[in-house]
Amino acid sequence: MEENDREFLRALHEEKIRTQNERTQLITMKLAFITVLFGLSSVNLGIDIAEIFWLLYFVPLVAISYDLYIMSADSRIKRVGIFLGRNPVSLAGKAEREWERFCNSYRDDMAPSANMFFSTIVTLGAAAFIHSLSDWSERYMRLWFAFWLVVSLTAVIILWMRHQMLIKNIGDYEPFERERRATVP
């Protein structure tokens, strides 16, 4: 194996660890941001919460933005792990290859699902708070609220489904698949 290949594979291992730390930080930041945002209503800042409740319309947007970064980090981790575990030139030892196979066979769908459920819960929480403080005498406000809620929840669910499909596709990776198909009669 060439020195460049060894360096590249070492960098992949480091990238995987760095991205795992990044994903953890993003999840922590998302939880902290949402907690602080909802906690503002219990703190007396001299501002009536009814005057700034419209900021809660941005809660799903912020949650979805964090979700995109978290899902991106998660898929990068999975790509590196699958590549290192399945590619014959990766220098991964037998234990690492077996670990990657084991992880792929017993994939943890709890964390991505928990992230989606958290985004759904904070969206519904923001909706409940907005609904309790809004003046529903104007029809367009009710229509805007319904549109906002449906689009927000749909975006969370679609992103989660897309992420699940991406992770499944990464897990289906077979090195040199094209070359094997070409040699099979």
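The values are calculated or read from the model by the stated rules, or taken from the named source; none is laboratory data. For clarity, every value in this text was computed on a predicted model and none was experimentally measured. As a convention, Cβ positions derive from the backbone with ideal geometry for all residues, glycine included, and neighbour counts pool all protein chains shown. Note: areas computed on protein heavy atoms with side chains; ligands, DNA, RNA excluded. Shrake-Rupley method; radii C 1.70, N 1.55, O 1.52, S 1.80 Å.
Considering only residues of region 122-147 that are over 20 Å from Val59 (Cβ atoms) and hydroxyl-bearing (Ser, Thr, Tyr), which is modelled with the highest pLDDT? Out of the qualifying residues, it is Tyr140. Among the residues making up region 1-34, those that are of a type in the set (D, E, K, R) and either part of a helix (DSSP H, G or I) or touching a residue at least 24 places away in the same chain (Cβ under 8 Å) (or both) are Glu3, Asp5, Arg6, Glu7, Arg10, Glu14, Glu15, Lys16, Arg18, Glu22, Arg23, Lys30.
Among the residues of region 111-153, just one is polar (S, T, N, Q), open to solvent by 60 Å² or more (accessible area, probe 1.4 Å) and in a helix (DSSP H, G or I), namely Ser132.
Quick one: in region 54-75, of everything that is touching a residue at least 60 places away in the same chain (Cβ under 8 Å) and of a type in the set (Ser, Thr, Tyr), which residue is nearest to Leu143 (Cα to Cα)? Going through the qualifying residues, I end up with Tyr57. Residues that are modelled with pLDDT under 70 and of a type in the set (S, T, N, Q) within region 19-76 comprise Ser41, Ser42, Asn44, listed in sequence order. Which of the residues that make up region 77-110 are among the charged types (D, E, K, R), assigned to a helix (DSSP H, G or I) and either more than 16 Å from Ile17 (Cβ to Cβ) or modelled with pLDDT of 80 or more (or both)? Lys78, Arg79, Arg86, Lys94, Arg97, Glu98, Arg101 - these are the residues of region 77-110 that are among the charged types (D, E, K, R), assigned to a helix (DSSP H, G or I) and either more than 16 Å from Ile17 (Cβ to Cβ) or modelled with pLDDT of 80 or more (or both).
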